[in-house]
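First up is the structure itself, then whatever we jot down about it.
The values are calculated or read from the model by the stated rules, or taken from the named source; none is laboratory data. Computed from a predicted model, the values in this text were never measured in an experiment. Backbone-built Cβ (ideal geometry, glycine too); neighbour counts: all protein chains shown. The area values use the complete protein model at the heavy-atom level, side chains included, leaving out ligands, DNA and RNA. Shrake-Rupley method; radii C 1.70, N 1.55, O 1.52, S 1.80 Å.
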Amino acid sequence: MITRSLRELRALVRRSPFKAAGRVVVITGGAGGIGSRLAERLAAAGASIVIVDRDEQRASAVASGLPRVGKAQHYAHVADLTDPQNIESLMAAIDVRYGRIDVLVNNAGIAVSERFASRDVASIENEFVVNTLSPLYVTRLALDLLRSSDDPRVISTVSLSGIFPQGESVVYCGSKFGLRGAMLSLAFDLKPQGIKVSCVLPSATDTRMLRREAIEGGNTLQFQNPPQTPDDVVRAMISVLDRPRLEAYPKPSESRLVRAAMIFPNLLLTLLPLFEGKGEQGQQAYLRKLIERGDVVEVDGRLELAP
Ligand SMILES: NC(=O)c1ccc[n+]([C@@H]2O[C@H](COP(=O)([O-])OP(=O)(O)OC[C@H]3O[C@@H](n4cnc5c(N)ncnc54)[C@H](O)[C@@H]3O)[C@@H](O)[C@H]2O)c1
């Protein structure tokens with residue numbers, strides 16, 4: 001028992017590059033900013049990629065633009081992951097095409113900017129279903145296909161909002177805290193079956209999700225620093241493939257600060273307001289940059305995401 005634990009501890013610090021060639025990788029939210037970059041990176045290394053997304057146009061564009069190495073076969077599967085029947089159809093289609101899943105990436109997510117007091121019940125429920133329940137449905141229904149792999153992995157894109165409270169995004173934080181708790185627990189439950197479960201916890205990342213939040217004036221606290229790029233998050237995802245572990249943080253310094261602050265949660269109500277001004281300025285600076293870049297445009301006097 002002790003020898004096995006020591007062997008596992010050694011494996012935690014040893015990096016052995018993940019061999020993507022020939023692997024079947026399923027990425028939910030694969031049409032989005034982070035998912036599409038991960039897809040490109042793993043496809044270039046020889047994996048077959050299944051892009052799962054509710055956005056048909058973007059999903060097809062991403063899948064058809066992926067590099068095809070060797071016998072790799074990519075495809076886009078359109079599904080609304082809030083519907084368990086859609087997930088069952090997804091797994092049936094993957095079974096027919098590939099017969100297994102080597103890496104499942106639970107990455108689809110939404111962030112609603114509206115403040116808690118004006119949210120209706122349906123919108124609160126939907127954010128939880130997309131961010132917390134659907135990754136659990138997908139993982140549950142993928143288990144048979146994962147068991148058919150000789151090295152099955154599950155990675156979930158959580159968020160720093162999964163370990164740190166933010167008053168401007170109550171429901172998003174709750175949904176990501178829930179996702180982190182479930183995935184950490186699942187890592188223990190699935191370990192005896194050889195399925196390795198990891199979470200990646202990004203902070204603000206320059207994707208359509210964050211751009212929308214900047215336009216709508218959502219969570220300002222997250223703009224203490226300029227947002228990172230999707231590639232920064234992808235590096236952390238690849239690092240958990242290279243060196244499987246429970247959690248990885250794309251921005252280690254920021255995550256250490258946040259984790260240290262959570263040792264004294266009772267101080268947060270007093271301390272967090274000190275960061276509000278910098279967050280608001282950061283959000284405005286980001287919005288100006290998005291307009292300069294043409295990622296945000298003015299239509300009829302209102303700011304909108306460029307198509
Ligand atoms: N961008 C950030 O600042 C940030 C920070 C921390 C964590 N995250 C997390 O990263 C993940 C990826 O987000 P992103 O930043 O790439 O945003 P994104 O909006 O570019 O991508 C999210 C994708 O999920 C898809 N999606 C949403 N709901 C779905 C549903 N019901 N069924 C199927 N697909 C659905 C969307 O169509 C979209 O393509 C999310 O889980 C998000 O919560 C993002």
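Before moving on, here are some points about what is shown:
- Residue in the range 7-25 that is buried (at least 22 other Cβ atoms within 10 Å of the Cβ) and either within 12 Å of the ligand (Cβ to nearest atom) or not in a loop (DSSP other than H, G, I, E, B) (or both) present: yes
- Screening the range 113-136 for residues that are more than 19 Å from Thr220 (Cβ to Cβ) and among the charged types (D, E, K, R) and picking the one that is nearest to the ligand (Cβ to nearest atom) gives Glu125.
- Among residues of the range 184-211, those that are more than 17 Å from Ala285 (Cβ to Cβ) and touching a residue at least 60 places away in the same chain (Cβ under 8 Å), counted: 5
- Filter result (in contact with a strand residue (DSSP E or B) (Cβ under 9 Å, 6 or more places away or on another chain) and either assigned to a loop (DSSP other than H, G, I, E, B) or more than 30 Å from Leu287 (Cβ to Cβ) (or both)) within the range 225-253: Pro227, Thr229, Ser239, Val240, Leu241, Pro244, Arg245, Leu246, Glu247, Tyr249, Pro250, Lys251
- Residues that are under 24 Å from Gly30 (Cβ atoms), in contact (Cβ under 8 Å) with a residue 12 or more places away in the chain and more than 19 Å from the chain's Cα centre (by Cα), drawn from the range 91-127: Met91, Ala93, Ile94, Asp95, Arg97, Tyr98, Gly99, Arg100
- Filter result (more than 12 Å from the ligand (Cβ to nearest atom) and without any contact (Cβ under 8 Å) to a residue 12 or more places away in the chain) within the range 71-87: Gln85
Conditions (1) within 14 Å of the ligand (Cβ to nearest atom); (2) farther than 30 Å from Gln283 by Cα; (3) not aliphatic (A, V, I, L, M), marked per residue:
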residue: Val69; (1), (2), (3): no, yes, no
residue: Leu90; (1), (2), (3): yes, yes, no
residue: Val138; (1), (2), (3): yes, yes, no
residue: Asp151; (1), (2), (3): no, yes, yes
residue: Ser175; (1), (2), (3): yes, no, yes
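- Residue within the range 166-177 that is modelled with pLDDT of 95 or more, under 21 Å from Ala142 (Cβ atoms), within 15 Å of the chain's Cα centre (by Cα) and not in a loop (DSSP other than H, G, I, E, B) present: yes
- Those residues of the range 91-111 which are out of contact with any Ser or Thr (no Cβ under 6 Å at 6 or more places or on another chain) and surrounded by 22 or more Cβ atoms within 10 Å (Cβ to Cβ), in sequence order: Ile101, Val103, Leu104, Val105, Gly109, Ala111
- Residue match in the range 264-274 (condition: open to solvent by less than 30 Å² (accessible area, probe 1.4 Å) and of a type in the set (Ser, Thr, Tyr)): no
- Scope the range 47-61; condition open to solvent by 20 Å² or more (accessible area, probe 1.4 Å), in a helix (DSSP H, G or I) and near the ligand (Cβ under 8 Å from one of its atoms); matching residues: Arg58
- Any hit, the range 71-86, residues being open to solvent by less than 50 Å² (accessible area, probe 1.4 Å), closer than 16 Å to Ser239 by Cα and among the aromatic types (Phe, Trp, Tyr): no
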